[in-house]
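These notes concern the structure reproduced below.
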Amino acid sequence: MASEPRTGRPSRPNRSDSAKNSGEPKSDTTEKVVFINRCAKVVKGGRRFSFSALIVAGDHKGKVGCGFGKANEVSEAIRKASDAARKSMKPVAIAENTIPHEAVGEHCGGRVLLRPASPGTGIIAGGGVRAVVEAAGIRDVLAKSLGSNNHANVVKATLAALATLRGRDEVFKLRGIKRSQPAPQPTTSN
């Protein structure tokens, strides 16, 4: 039996062990830090720093949200932002690992264009758009940021574009078309 080196500190259980023991439901949401900002306030004794964090959370099954948190420490700002992101998660229409149709989203100065892509294309996007699209579970998409490059505005514009998406079944229901039988195929004469 191998002995572990003693460091003088009692060992702490890792986070996954504590979640199992506490009876909390295991969450399958993933969180990605998009941007961390440091702000300095000059006071009599020197500078006082505060931090803000922008986080995107999603379950890779069509739900995604973003959160923003501010605190005097980075870890606390990230915790606040991730809590806000989990609370703001909303469903997104996905069709065969891509989006059903083209969409443009706007928020303040941010403007984002999303286009469906053929299977195997991957995520052609950068920065905040990539984080949102990955968290939603979309695997093939083409994206372009057309306006401001402010991280918060780009993320919120991407969420606005995803919110405008409508699936085929939802559009048929709005138009009053029943999809009980397949559409008739055109006959070809030989």
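Since every read-out is calculated from the coordinates, none of them should be taken as a lab result. Since we're looking at a predicted model, the values are computed, not measured. Note that we place each Cβ from the backbone using ideal geometry, even for glycine, and neighbour counts take in every protein chain shown.
Using a Förster radius of 30 Å, what is the FRET efficiency between Asn150 and Lys87 based on their Cβ-Cβ separation? Nearest 0.05, please. Mind showing how you got there, number by number?
Numbers: r = 23 Å, r/R0 = 0.75.
Once the sixth-power term is evaluated, E becomes 0.85.
About the centre of its Cα atoms, region 92-174 shows a dipole size close to 120 debye [charges on the beta carbon of Lys, Arg (+1) and Asp, Glu (-1) only; nearest 20 debye]. Placing a label point 7 Å from the Cα of Cys108 along the Cα-to-Cβ direction, the residues of region 37-67 whose backbone N falls under 20 Å from that point are 37-41, 50-57, 65-67. The phi-based Karplus calculation (6.51 cos²θ - 1.76 cosθ + 1.60; θ = phi - 60°) puts the 3J(HN,Hα) values of region 127-139 at x, x, 5, 4, 4, 5, 5, 5, 5, 6, x, 7, 9 Hz, whole numbers, x for Gly and Pro.
Between the residues Gly45, Ala81, Val64, the greatest Cα displacement towards the positive end of the dipole of region 28-87, with unit charges on the Cβ of Lys, Arg, Asp and Glu, is found for Gly45. Taking the Cα centre of region 41-150 as reference, the dipole from Cβ charges on Lys and Arg (+1) and Asp and Glu (-1) amounts to some 620 debye. Stretched out straight at 0.36 nm per residue, the stretch from His101 to Lys41 would grow longer than its current Cα-Cα span by 17.0 nm. Taking amide H atoms as placed 1.01 Å from N in the peptide plane, the amide H of Phe35 lies under 5 Å from those of Leu54, each 5 or more residues away in sequence or on another chain.
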